[in-house]
Amino acid sequence: MSRHRFHGDPARFEVVAAYVGERFPAAKYVADVAGGQGMLARLLRKRYGMECEVVDPRGWTLKGVPGRAEEYSAKMADFYDVVVGLHPDEALREVVDSAVTRPVLVVPCCNFWDRSHKLGQTDLLAAIVAHHRGLGGACETVRLDFRGPKNLGLVLEPPCA
């Protein structure tokens with residue numbers, strides 16, 4: 001991984017890939033939303049055999065990493081078995097809303113949830129949990145083993161039918 005330049009702890013890609021691989025072993029199709037260059041997608045493909053693609057309007061993935069150069073919409077979730085938003089920035093709400101139909105792992109970094117209120121990490125996670133539970137979905141907070149402070153995530157499960 002040292003050949004590539006990333007902001008933040010580069011270990012986050014390996015940690016999140018391992019978590020997704022262990023938590024969702026039956027998943028075949030995974031969306032890496034706002035995944036930038038696609039290091040997470042690359043690891044999920046090579047180490048865990050998942051068909052993972054980056055959905056990011058910037059459209060500049062690493063060679064060999066499939067990607068869709070478009071903004072992610074929760075309407076796309078039906079195509080995937082799992083939706084992952086590792087620091088999804090402006091795609092945060094769409095990633096969370098995907099949990100109405102598919103399991104989601106979201107690790108928010110910035111408050112793109114409610115721009116009318118300044119939300120720190122704790123309040124941001126609480127707002128997401130309240131929103132998803134209001135729809136009848138289950139939530140679990142997870143602390144991922146990479147350098148924080150943005151290493152807290154939520155596993156959001158769809159409401160029971």
Quiz item: In region 108-122, is there at least one residue being modelled with pLDDT under 95, part of a helix (DSSP H, G or I), more than 18 Å from residue 34 (Cα to Cα) and open to solvent by 40 Å² or more (accessible area, probe 1.4 Å)?
Solution: yes
Quiz item: With respect to the numbered conditions (1) surrounded by fewer than 15 Cβ atoms within 10 Å (Cβ to Cβ); (2) at positive phi, which one is the sole condition not fulfilled by residue 87?
Solution: (1)
Quiz item: When region 30-49 is examined, which residues are found to be over 13 Å from the mean Cα position of the chain (by Cα), outside any helix (DSSP H, G or I) and farther than 12 Å from residue 66 by Cα?
Solution: 49
Quiz prompt | First in region 123-137 and touching a residue at least 12 places away in the same chain (Cβ under 8 Å), second anywhere and assigned to a helix (DSSP H, G or I) and open to solvent by 60 Å² or more (accessible area, probe 1.4 Å), Cβ under 8 Å, 6 or more apart | solution = 135/100; 137/100
Exercise. Find all pairs meeting these conditions: Cβ atoms under 6 angstrom apart; at least six residues apart or on different chains; first residue within region 45-57 and touching a residue at least 12 places away in the same chain (Cβ under 8 Å); second residue aromatic (Phe, Trp, Tyr).
Key: 51/29; 55/72
Exercise. Output the qualifying pairs, or none if there are none: Cβ atoms under 6 angstrom, residues six or more apart or on different chains, first residue in region 6-22 and farther than 9 Å from residue 48 by Cβ and open to solvent by 20 Å² or more (accessible area, probe 1.4 Å), second residue of a type outside the set (Asp, Glu) and at pLDDT below 90.
Key: 9/147; 10/1
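The values are calculated or read from the model by the stated rules, or taken from the named source; none is laboratory data. From a predicted model like this one, the values you see are computed outputs, not experimental measurements. Note that we place each Cβ from the backbone using ideal geometry, even for glycine, and neighbour counts take in every protein chain shown. With ligands, DNA and RNA removed, areas are computed over all heavy atoms of the protein, side chains included. Shrake-Rupley method; radii C 1.70, N 1.55, O 1.52, S 1.80 Å.
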